[in-house]
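Working notes for the structure below.
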């Protein structure tokens, strides 16, 4: 066990567990012969450690190795987005691509045209993307995609970038989010390196900027982006952007930017239809090496309509559950795995709701649930409703008894036992219990 | 007059691990979280459920298990985290596993949501693994930033079911044992039959019984429990 791990073990007995997990475990320890360098992920963590436990750490370590020097520092607070800091410093103005060093494009190699599922909802956007990828800066410039969240904008943008890199290896292509642009600019300002920042961004051949809506209300970033845009446009570099709505509708974005964004092609991506959603699921399952039966893909696609990320999340869950339980993926299995996802699960079940649902199910009047009547047609549904109230809510047994016409909690216990026994003996009762649970859980 | 025994007010430390989590009906979610600690590459899981279903316990268990595998994990409790989010969340993408608790505390706060959105983007670019927890389903929490809620569901969303009544006696006994006291079966039955059955209330009831038992120098019995819990002692 390393010195630092030994130290953490001792700190666990001195500090609340939450503090250990929040602050201590995030430290990176670099051990040398006479020095232990602790690197915190940010300045806030470094300060917390300094104020609350650096004394403990030094004392524990000095008992283990008295000549050890402990240093605490904060690591880089922002991940360089494109290795541009070093590259930018070496760079000269101008776009002569052969003279420029290569940069890290930050493209996801998995998001290509091959893995993009085309459908009616995104056909135009996909066609425009392919055209731009084939002829950067010669067809639509700028190219802007807009849509609601999780509909494939980012995938298309990466696909364009990857395709351009595949066919023009030497082009300087950079993908980034608008927040990264802002963060890089703030860092450059802080370090007095705005010249490098400006030179770097204006030297790109293809700039892909995701989520431009986050430029809203950031005046200085908009100013810088405006000039970057103009320079790139004039030098016939390709600009591709995404936005979560039609750019003219973004509040807090300068009019001159909105107007420039509209110079090329602005293309909407609509939510995918059922067939496209099924195709997306099949494609992702194939990618994971999983055989997804058509009826299961249909079931998931019919029930998850909001966006592709949610669709993917649902699929991952079905696949993970199947792997965990070693069960085949069937429609029943998927229904069970996604029950709470598909249901309106934020709803809180009340005893009244259970009474009404059970009354409807057994075709009796809801007020029979609370009535003193004890004939068989009423007693069984009432017992079932009591058992469900116990299983599906956190009400105490006296509360449940009270809600069923002021009955005693022992009546509730009796009802629950009765239903439990009947479910084991009688498949019909078991089925009724399952049906009602499914209805109540949505 | 007999002097009253004053119990020492101290919190009982308890390591939150997968080993002492009562899985109940949540085996699939627990398995996903364990894999998050073990696997390589980007992975993401969101768990949600009502209070006292063990969300924070599980996220802290993830941090511990990650550390046992020689990697760094960080637990980020949004509700109690001091300082501005942008500062506290900066650089966390350099940690292998990030566990963000109380996501509902950020819902509706545009600046917090943006800081988290930015963290998720940075973390995915670095192939970090992330676990989130909240009291509500991420698709229904009132996030201003729809980009954030859509990113939260990417890896799979699991609802944590509360413990069933069949599992509660064992959980309460373990809780009592960790406090150093014994709660007889008939008292546990009494609690489950006569009081709210959520684990938060029940764990608190055990704590109150333990405290009163030390103070009054009496064994924990059903009449004693009835008197203590009725009197709010």
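The values are calculated or read from the model by the stated rules, or taken from the named source; none is laboratory data. The structure displayed is predicted, hence computed values, not measured ones. FYI the Cβ positions are ideal-geometry reconstructions off the backbone, even for glycines, and counts take in every protein chain you see.
Observations
- Selection from segment A:54-71 of residues that are modelled with pLDDT of 85 or more and touching a strand residue (DSSP E or B) at 6+ places or on another chain (Cβ under 9 Å): A:54, A:57, A:58, A:61, A:62, A:69, A:70, A:71
- Flag if residue A:206 is surrounded by 23 or more Cβ atoms within 10 Å (Cβ to Cβ) and under 16 Å from residue A:247 (Cβ atoms): no
- Residue in segment A:210-229 that is under 16 Å from residue A:263 (Cβ atoms) and surrounded by fewer than 19 Cβ atoms within 10 Å (Cβ to Cβ) present: yes
The rows are residues; the columns are (1) farther than 30 Å from residue B:143 by Cβ; (2) outside the structural domain of residue A:307 (by TED's automatic domain parsing); (3) in a strand (DSSP E or B).
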position	(1), (2), (3)
A:148	no, yes, no
A:161	no, yes, no
A:165	yes, yes, no
A:174	no, yes, yes
A:184	no, yes, no
A:198	yes, yes, no
A:207	no, yes, yes
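For (1) under 21 Å from residue B:102 (Cβ atoms); (2) surrounded by 20 or more Cβ atoms within 10 Å (Cβ to Cβ); (3) within 10 Å of chain A (Cβ to nearest Cβ); (4) modelled with pLDDT under 95, each residue gets a yes or a no:
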{"residue": "B:4", "(1), (2), (3), (4)": "no, no, no, yes"}
{"residue": "B:14", "(1), (2), (3), (4)": "yes, no, yes, yes"}
{"residue": "B:44", "(1), (2), (3), (4)": "yes, yes, yes, yes"}
{"residue": "B:50", "(1), (2), (3), (4)": "yes, no, yes, yes"}
{"residue": "B:62", "(1), (2), (3), (4)": "yes, yes, yes, no"}
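- Of residues in segment B:122-154 being buried (at least 21 other Cβ atoms within 10 Å of the Cβ), at the interface with another protein chain (Cβ under 9 Å from one of its Cβ atoms) and in a helix (DSSP H, G or I), the one nearest to the chain's Cα centre (by Cα): B:152
- Residue B:52 vs. criteria under 12 Å from the mean Cα position of the chain (by Cα) and part of a strand (DSSP E or B): no
- When residue A:363 is tested against (1) in contact with a helix residue (DSSP H, G or I) (Cβ under 7 Å, 6 or more places away or on another chain); (2) more than 14 Å from chain B (Cβ to nearest Cβ); (3) closer than 21 Å to residue A:430 by Cβ, exactly one condition is not met: (1).
- Failed item in (1) more than 10 Å from chain A (Cβ to nearest Cβ); (2) part of a loop (DSSP other than H, G, I, E, B); (3) in contact (Cβ under 8 Å) with a residue 60 or more places away in the chain, with residue B:58 passing the rest: (2)
- Subset of segment A:320-329 that is buried (at least 17 other Cβ atoms within 10 Å of the Cβ) and more than 9 Å from chain B (Cβ to nearest Cβ) - its residue that is farthest from the chain's Cα centre (by Cα): A:329
- Residue match in segment A:381-402 (condition: over 21 Å from residue B:161 (Cα atoms) and not in a helix (DSSP H, G or I)): no
- Segment A:173-193, subset away from chain B (no Cβ under 13 Å) and in contact with a helix residue (DSSP H, G or I) (Cβ under 6 Å, 6 or more places away or on another chain), residue nearest to residue B:122 (Cα to Cα): A:185
- Across segment A:291-318, the number of residues qualifying as more than 9 Å from chain B (Cβ to nearest Cβ), under 22 Å from the mean Cα position of the chain (by Cα) and surrounded by fewer than 21 Cβ atoms within 10 Å (Cβ to Cβ) comes to 3.
- Here is the figure for segment B:155-178: residues that are crowded, with 18+ Cβ neighbours inside 10 Å and either on the phi > 0 side of the Ramachandran plot or more than 14 Å from chain A (Cβ to nearest Cβ) (or both) total 5.
- Inside segment A:24-38, residues that are within 8 Å of chain B (Cβ to nearest Cβ) and within 14 Å of residue B:64 (Cβ to Cβ) make up a count of 2.
- Among the residues of segment A:18-31, those identified as crowded, with 19+ Cβ neighbours inside 10 Å and either at pLDDT below 90 or assigned to a loop (DSSP other than H, G, I, E, B) (or both) are A:25, A:26, A:27.
- When residue B:90 is tested against (1) in contact with a helix residue (DSSP H, G or I) (Cβ under 7 Å, 6 or more places away or on another chain); (2) within 9 Å of chain A (Cβ to nearest Cβ), just one condition goes unmet, and that condition is (1).
- Against the list (1) in contact with a helix residue (DSSP H, G or I) (Cβ under 6 Å, 6 or more places away or on another chain); (2) assigned to a helix (DSSP H, G or I), the condition residue A:349 fails is (2).
- Scanning segment B:21-38 for residues that are farther than 18 Å from residue A:318 by Cβ and over 16 Å from the mean Cα position of the chain (by Cα) yields a total of 2.
- Check on residue A:339, within 11 Å of another protein chain (Cβ to nearest Cβ), under 38 Å from the mean Cα position of the chain (by Cα), surrounded by fewer than 16 Cβ atoms within 10 Å (Cβ to Cβ) and touching a residue at least 40 places away in the same chain (Cβ under 8 Å): yes
- Residue in segment B:188-212 that is modelled with the lowest pLDDT, counting only those that are within 21 Å of the chain's Cα centre (by Cα) and closer than 15 Å to residue B:224 by Cα: B:207
- Of the residues making up segment A:3-23, those that are closer than 19 Å to residue B:69 by Cα and more than 9 Å from every other protein chain (Cβ to nearest Cβ) number 7.
- Beta carbons closer than 7 Å, at least 6 apart along the sequence or on distinct chains, pair a first residue in segment A:347-372 that is in contact (Cβ under 8 Å) with a residue 12 or more places away in the chain and at negative phi with a second that is surrounded by 14 or more Cβ atoms within 10 Å (Cβ to Cβ) and in a loop (DSSP other than H, G, I, E, B) for A:349/A:393; A:351/A:393; A:351/A:395; A:369/A:404; A:370/A:404; A:370/A:405; A:371/A:405; A:372/A:405.
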